[in-house]
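Let me begin by presenting the structure, written as structure tokens, before commenting on it.
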Amino acid sequence: MKNIAKVLVVGELLADIISEFNIESLASPSRFLVSQGGSSANLCANLKWLGVDAELIATVGNDNLGTYLIRELKSVGIADTYISRTSDEKTSIVLVGKNSGTPDFIAYRSADMIIKRMDENIIEACGILHTTAFALSKEPARSNILHAFEKAYQLGKYLSVDWNYAPSIWQEDDGKDVFKKLMKMNPLLKISVDDLERFTGESLNIEEAVKWLDNLNAQIICLTCGKDGVWFKTKNQAWQHKPALPVNSVIGVTGAGDAFWSGFLLAFVHEKSIDECISQALEVAKLKIEKPYPLYKK
């Protein structure tokens, strides 16, 4: 039996500059608030809040915004042991117009792309290694993360991928070669309907989406569909569906996907069934949608 208690998250730590209220798009006027962000960092903070042993590997600039982000993570128990600081690049930011659907955003990339090669001892100590499409979209982070994944795969670790794909992040690179490399390593895959449509360049209904995903070599696939719940399957098993839980009020869906996956991994590290993992994921996503601030904030 694998020891999967420790989750090592590698990827983006950046500042989210989010509209104070729901807006149609970033073309709409709004006031904005600064908070610690980045899918990878959010997931790691959520896991800590949920009682999971988790560490973050990331890079920020040697500036006051980087200082702020590290301080925020430390406040929830995440050490800065594996968070690098660079004087060559500024801390990355993402401008987000939140709404009840898919948030509008613009990413200003810099230090988050400078993730270094990981020490093999760190990889050997974890049970699950997680990353995102965002983190994999630029070099040198991409090559160093893929190298870590290949090492973890050789060691028999679980690999977790949130394929939060956006063409504006990848630009001239469509991500297909990176995605193929990941699928050869039999990962736990989370992908939203929006992610999949952006990645394939096609408008897909659920039947078409699951048919496309059926061709993948993934240990577990979770296709999140927002208010329509989630479709999921384990390898060689039929697709199943669970509806989203009713929410008292939709404060914002920004970060709901990270909350979902943190709930999933919480159950997974406790060796729960796939059905129990999904139920836990939906519970945590519901909590996030109903809160005006990150899960791990009081």
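Only the coordinates and a few stated rules stand behind these numbers; no lab work does. Note that the coordinates shown come from a computational prediction; the quantities given were computed from them, not determined experimentally. Counting neighbours? That spans all protein chains shown, and the Cβs are built from the backbone with ideal geometry, glycine included.
Observations, loosely collected:
- Pick from the stretch 103-154, criterion among the small types (G, A, S) and surrounded by fewer than 21 Cβ atoms within 10 Å (Cβ to Cβ), ranking: farthest from D177 (Cα to Cα): A125
- Contacts under 7 angstrom Cβ, first residue in the stretch 107-127 being over 13 Å from E55 (Cβ atoms) and touching a residue at least 40 places away in the same chain (Cβ under 8 Å), partner among the polar types (S, T, N, Q) and assigned to a loop (DSSP other than H, G, I, E, B), 6 or more apart: R109/S92; S110/T91; S110/S92; A111/T91; A111/S92; D112/S92
- Test: residue in the stretch 90-102 that is basic (K, R), under 23 Å from N46 (Cβ atoms) and either under 19 Å from the mean Cα position of the chain (by Cα) or surrounded by 16 or more Cβ atoms within 10 Å (Cβ to Cβ) (or both): yes
- Scanning the stretch 56-101 for residues that are of a type in the set (A, V, I, L, M, F, W, C) and farther than 15 Å from L33 by Cα turns up L56, I57, A58, V60, I70, L73, V76, I78, A79, I83.
- Lone unmet requirement of (1) touching a residue at least 40 places away in the same chain (Cβ under 8 Å); (2) closer than 19 Å to A281 by Cα for V161: (1)
- Near pairs, Cβ below 6 angstrom, 6+ apart or cross-chain, from the stretch 235-252 (within 17 Å of A209 (Cβ to Cβ)) to any residue that is surrounded by 14 or more Cβ atoms within 10 Å (Cβ to Cβ) and small (G, A, S): K242/G229; P243/G229; A244/G229
- Looking only at residues in the stretch 82-97 that are touching a helix residue (DSSP H, G or I) at 6+ places or on another chain (Cβ under 8 Å) and of a type in the set (S, T, Y), the one that is farthest from V60 (Cα to Cα) is Y82.
- Those residues of the stretch 257-276 which are touching a residue at least 24 places away in the same chain (Cβ under 8 Å) and surrounded by 21 or more Cβ atoms within 10 Å (Cβ to Cβ), in sequence order: G257, D258, A259, F260, W261, S262, G263, F264, L265, L266, F268, V269
- Among residues of the stretch 209-227 being out of contact with any helix residue (DSSP H, G or I) (no Cβ under 8 Å at 6 or more places or on another chain) and of a type outside the set (A, V, I, L, M, F, W, C), the one that is nearest to E283 (Cα to Cα) is K227.
- Within the stretch 147-166, restricting attention to residues that are over 16 Å from the mean Cα position of the chain (by Cα) and part of a helix (DSSP H, G or I), the residue that is farthest from S110 (Cα to Cα) is Q154.
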